[in-house]
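Below is one structure, written out as structure tokens; the observations come after it.
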Amino acid sequence: MMISSRVFGDNGKVKEYHYTGPVEHKFSPYAFNGGTVLAVAGEDFALVASDTRLSEGYSIHSRDSPKCYKLTDTTVIGCSGFHGDCLTLTKIIEARLKMYKHSNNKNMTSGAIAAMLSTILYGKRFFPYYVYNIIGGLDEEGRGARDTYKAGGSASAMLQPLLDNQIGFKNMENVEQVPLTLEKAVQLVKDVFISAAERDVYTGDALKICIITKEGVREEIVPLRKD
Amino acid sequence: MLNTSTKTPTGGFSFENTRRNAVLEANLSEKGYSAPNARKTGTTIAGLIFKDGVILGADTRATDDMVVADKNCMKIHYIAPKIYCCGAGVAADAEVTTQMMSSNVELHSLSTGRPPLVAMVTRQLKQMLFRYQGQIGSSLIVGGVDVNGPQLYSIYPHGSYDKLPFLTMGTVTFSLPPFFEQTQSEQNLEEAKQLVRDAITAGIFCDLGSGSNVDLCVITEKTVDYLRAYDQPVQKGLREGTYRYKPGTTAVLTKTVTPLTLDVVDESVQVMDTE
């Protein structure tokens, strides 16, 4: 809003100026650093995958900044969103895991980690962590959860319907619903990220897949489009 | 020579649609929607004068916010036989502005009886963009060869222009000029093409709004070479699985068959020439 008013200055001459009204400056405590995470679980495995690009605005900060963090031998968490909050959140989770180990003399199970994360996040309900989290892991008996999947992060809206179709067999008829094997899941995750990198500018550079089986956690890195 | 063939609007600014747009925007936001955003090209474009002419370069990605809308669009537009223009900013603005210029330039050169000058194209463009006070969001690099030799101009959305031997525009303007500082106007064709290719490739890799291929347009006195997809620095990843659906996968909810009874009225045979 522009209000122009004539003011008489000290020496009697007319001084005209434009008053633009109250101007609000906002400091935003958040930034969006991009990145996509994906988790799929089968009968006896779980996998958590993420791209490795860290961006801000139209620039790339790093081409090698994976978003999967290994918490225990049976659990991996994928965090994307605001990188500052991702780092702080994982630091807090790791500290809490240590505290649990020292007082209970055993590692936290995947389910317990998920429940704990929920309370940590709700504790900051009124100044949230800007992080999209997905936890993938095996339970105490080494079992995954059959045919479950979730996508999070910048390309999640593109990936989730594709996974609903390929893993959940949604919107299809007369299709044999075979249970998901590890090989098929890894192939699907690679293909799905190749597609996401085509259309989402925040996704690309490389894909890191953390595969969790009863043998432990194994990593695989696949290159993606760099443009 | 006074040119009366191109229409110049009388009066100053033409903001006929702003009130209508404001009303539409208010109506939409009442219902919780927002007006669609203009799609920007989020681009890297460059131009370079070398020994025999001028080279224009551009990437080929068009973005809709942060989703790739077109992986292989054409950002180097035709204006006249020896004058081409790269457009950055709002995709529709760059496209329509250059098309209007192209038709104006043809009429003007028919009226003068001479081939068009790059300076004339620049002047018409900047006068139009200034008239719209930056509301037309297109940044353009105009390059071509005319009787005065090879020339290169950049025009900004508010109507200012620069005449330089090398130019870069788009979302990552600050990282490219260092590339071009090493240019001399006595370079030969291959070195100059390589330099423009390198500059656009830097934009493709370092800018999220640019990507896919490098398009080049080499304009000399004798020829114009539009090199579409001159370089493809990024390859699409190969998918391992097949995602084809067998017939019968899509659910059919209802089916209605309406037989049409037809009578044969006339029958004739026409031999097709298949050679």
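The values are calculated or read from the model by the stated rules, or taken from the named source; none is laboratory data. Bear in mind that the values here come from a model prediction, so they are computed numbers and not experimental data. A quick note on method: Cβ atoms are made from the backbone with ideal geometry, for glycine too, and the neighbour counts reach across all protein chains shown.
Miscellaneous remarks
Residue-by-condition table, conditions (1) over 16 Å from A:ASN171 (Cα atoms); (2) at the interface with chain A (Cβ under 8 Å from one of its Cβ atoms):
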site	(1), (2)
B:ALA229	yes, no
B:PRO233	yes, yes
B:PRO247	no, no
B:LYS255	yes, no
B:ASP263	yes, no
B:SER268	yes, no
B:VAL271	yes, no
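- The combined condition, being farther than 15 Å from A:VAL48 by Cα, out of contact with any strand residue (DSSP E or B) (no Cβ under 9 Å at 6 or more places or on another chain) and either of a type in the set (S, T, N, Q) or assigned to a strand (DSSP E or B) (or both), is fulfilled by A:GLN177.
- Test: residue in region A:188-204 that is away from chain B (no Cβ under 13 Å) and either assigned to a strand (DSSP E or B) or without any contact (Cβ under 8 Å) to a residue 24 or more places away in the chain (or both): no
- Scanning region A:102-145 for residues that are of a type in the set (Val, Ile, Thr) and over 15 Å from the mean Cα position of the chain (by Cα) yields a total of 4.
- Output for region A:206-227, where each listed residue is in a strand (DSSP E or B) and more than 14 Å from chain B (Cβ to nearest Cβ): A:LYS208, A:CYS210, A:ILE211, A:ILE212, A:THR213, A:GLY216, A:VAL217, A:ARG218, A:GLU219
- Pick from region A:102-122, criterion in contact with a strand residue (DSSP E or B) (Cβ under 9 Å, 6 or more places away or on another chain) and part of a helix (DSSP H, G or I), ranking: nearest to A:ARG218 (Cα to Cα): A:SER110
- When residues of region A:146-161 are limited to those that are over 12 Å from the mean Cα position of the chain (by Cα) and not in a helix (DSSP H, G or I), the one modelled with the highest pLDDT: A:TYR149
- Of all residues assigned to region A:75-84, at least one qualifies as being in a helix (DSSP H, G or I), farther than 18 Å from A:ALA115 by Cα and more than 14 Å from every other protein chain (Cβ to nearest Cβ).
- Scanning region B:196-217 for residues that are in contact with a helix residue (DSSP H, G or I) (Cβ under 7 Å, 6 or more places away or on another chain) and more than 14 Å from chain A (Cβ to nearest Cβ) yields a total of 3.
- Considering A:GLY142, A:GLY137, the condition of being touching a Lys or Arg at 6+ places or on another chain (Cβ under 7 Å), closer than 30 Å to A:ASN165 by Cα and modelled with pLDDT under 95 is satisfied by A:GLY142 alone.
Here's the yes/no breakdown for (1) in contact with a Phe, Trp or Tyr (Cβ under 9 Å, 6 or more places away or on another chain); (2) surrounded by fewer than 14 Cβ atoms within 10 Å (Cβ to Cβ); (3) of a type outside the set (A, V, I, L, M, F, W, C):
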residue: B:GLY209; (1), (2), (3): yes, no, yes
residue: B:LYS222; (1), (2), (3): no, yes, yes
residue: B:ASP225; (1), (2), (3): no, no, yes
residue: B:ALA229; (1), (2), (3): no, yes, no
residue: B:VAL234; (1), (2), (3): yes, no, no
residue: B:ARG239; (1), (2), (3): no, no, yes
residue: B:LYS246; (1), (2), (3): no, yes, yes
residue: B:LYS255; (1), (2), (3): no, yes, yes
residue: B:PRO259; (1), (2), (3): no, yes, yes
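- Within the set A:GLN166, A:GLN177, the sole residue that is exposed (fewer than 14 other Cβ atoms within 10 Å of the Cβ) and either within 14 Å of chain B (Cβ to nearest Cβ) or over 30 Å from A:GLY57 (Cα atoms) (or both) turns out to be A:GLN177.
- In this structure, A:ALA157 does not qualify as small (Gly, Ala, Ser) and either in contact (Cβ under 8 Å) with a residue 60 or more places away in the chain or buried (at least 23 other Cβ atoms within 10 Å of the Cβ) (or both).
- Unmet requirement for A:VAL131, which otherwise passes all of (1) crowded, with 19+ Cβ neighbours inside 10 Å; (2) within 14 Å of another protein chain (Cβ to nearest Cβ); (3) hydrophobic (A, V, I, L, M, F, W, C); (4) touching a Phe, Trp or Tyr at 6+ places or on another chain (Cβ under 8 Å): (2)
- Identity of the residue in region B:34-62, surrounded by fewer than 24 Cβ atoms within 10 Å (Cβ to Cβ) and of a type in the set (S, T, N, Q), that ends up nearest to B:VAL121 (Cα to Cα): B:ASN37
- In region A:26-49, the residues that are in contact with a helix residue (DSSP H, G or I) (Cβ under 9 Å, 6 or more places away or on another chain) and assigned to a strand (DSSP E or B): A:THR36, A:VAL37, A:LEU38, A:VAL40, A:ALA41, A:ALA46, A:LEU47, A:ALA49
- Residue among B:LYS236, B:LYS246 that is more than 18 Å from B:ASP59 (Cα to Cα), at pLDDT 85 or above and out of contact with any strand residue (DSSP E or B) (no Cβ under 8 Å at 6 or more places or on another chain): B:LYS246
- Failed criterion for A:ASN33 (all others in (1) surrounded by fewer than 22 Cβ atoms within 10 Å (Cβ to Cβ); (2) in contact with an Asp or Glu (Cβ under 9 Å, 6 or more places away or on another chain) hold): (1)
For (1) more than 14 Å from chain B (Cβ to nearest Cβ); (2) on the phi > 0 side of the Ramachandran plot, each residue gets a yes or a no:
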| position | (1), (2) |
| --- | --- |
| A:GLY35 | no, yes |
| A:PHE45 | yes, no |
| A:VAL48 | yes, no |
| A:LEU54 | no, no |
| A:ARG63 | no, no |
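- Scan of region A:134-154 for residues that are of a type in the set (Gly, Ala, Ser) and surrounded by 14 or more Cβ atoms within 10 Å (Cβ to Cβ), ordered by number: A:GLY136, A:GLY137, A:GLY144, A:ALA145, A:ALA151, A:GLY152, A:GLY153, A:SER154
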